[in-house]
Amino acid sequence: MEDEQIVLLFKGESWILGCNATVYDATYTWVNGSVNTLSAAPANDSLGGAFAGPFAAGLAQSTLENAVILTRFAKSSPELAKTWLDLFSRSTVAIASGIMAPDTNIEEESRQTRLLARIPKAPLFLLLGLNFLCAIAGLILDLAAAMFSRPVETQDVKARLTMKGLAAAAFEPDGLKHRAVENVEDLFVERGSAGEGKRRPLGRLGL
């Protein structure tokens, strides 16, 4: 390591790092897999002792040795200090996790994504009202048609609205188009002028 602040007195790792560790009580909000807000304050002495106890008793010697081995890849003092800080913090939390107990969240909520359409109330109710009035008007007209219509008079209209009636309106002479008929066959010139079944020669053919 090319750093004048670190002097190798013998073969192996040789460095001095003065540091302190502080345990914090943190309150945070976790939204969509990431920390949104975080507020922390120093914890009491008993909690700090629970984290530092294993190192003071020598129970975490192997963990510290592994951290020292990994710091040999640092190329400068700041990088060495940062590497040691990360490894020591992870080891401290990992060792102390055995005395921790899970607790419920202070506040918790679940969110579900839904596709919604925002519609103004006034136009919506106006549309529903007009549709209702239209249905009522249609029902009234249907009842009026059933009560006051005469089948004899409407037979001509019924005949002209069929496929044969439309064909006769398109291809038959104008004299037949304006004549009242009871049977759709009477619209064709082949039926004869009096509807007596007399056939006449075809004047034209429509395809």
Quiz item: Quick one: would you say ILE119 is of a type in the set (A, V, I, L, M), surrounded by fewer than 10 Cβ atoms within 10 Å (Cβ to Cβ), under 45 Å from the mean Cα position of the chain (by Cα) and not assigned by TED's automatic domain parsing to the domain that holds SER62?
Solution: yes
Practice problem: Could you please find all residues in the stretch 61-105 being among the hydroxyl-bearing types (Ser, Thr, Tyr) and not in a helix (DSSP H, G or I)? | Solution: SER76, THR104
Quiz item: Does ALA81 satisfy the criteria of being out of contact with any Ser or Thr (no Cβ under 6 Å at 6 or more places or on another chain) and modelled with pLDDT under 80?
Solution: no
Practice problem: Identify all residues within the stretch 64-111 that are farther than 28 Å from THR27 by Cα and either in contact with a His (Cβ under 9 Å, 6 or more places away or on another chain) or not hydrophobic (A, V, I, L, M, F, W, C) (or both); write none if there are none. | Solution: GLU65, ASN66, THR71, ARG72, LYS75, SER76, SER77, PRO78, GLU79
Quiz item: Could we say that ASP103 is over 17 Å from ALA21 (Cβ atoms), among the acidic types (Asp, Glu) and at pLDDT below 80 here?
Solution: no
Self-check item: Residue among ALA60, ALA96, ALA81, ALA50 that is surrounded by 10 or more Cβ atoms within 10 Å (Cβ to Cβ) and touching a Phe, Trp or Tyr at 6+ places or on another chain (Cβ under 9 Å)
Solution: ALA96
Exercise. Working carefully through the options THR92, THR104, find the one that is on the phi < 0 side of the Ramachandran plot and assigned by TED's automatic domain parsing to the domain that holds TRP30.
Key: THR92
Practice problem: Would you point out which residue out of ALA144, ALA137 is surrounded by 10 or more Cβ atoms within 10 Å (Cβ to Cβ), under 30 Å from ASP186 (Cα atoms), free of Cβ contacts under 8 Å to residues at least 12 places away in the same chain and out of contact with any helix residue (DSSP H, G or I) (no Cβ under 6 Å at 6 or more places or on another chain)? | Solution: ALA144
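The values are calculated or read from the model by the stated rules, or taken from the named source; none is laboratory data. Note that the structure is a prediction, hence the values are computed from the model and not measured. Glycine gets a Cβ as well: all are built from the backbone with ideal geometry, and neighbour counts include every protein chain shown.
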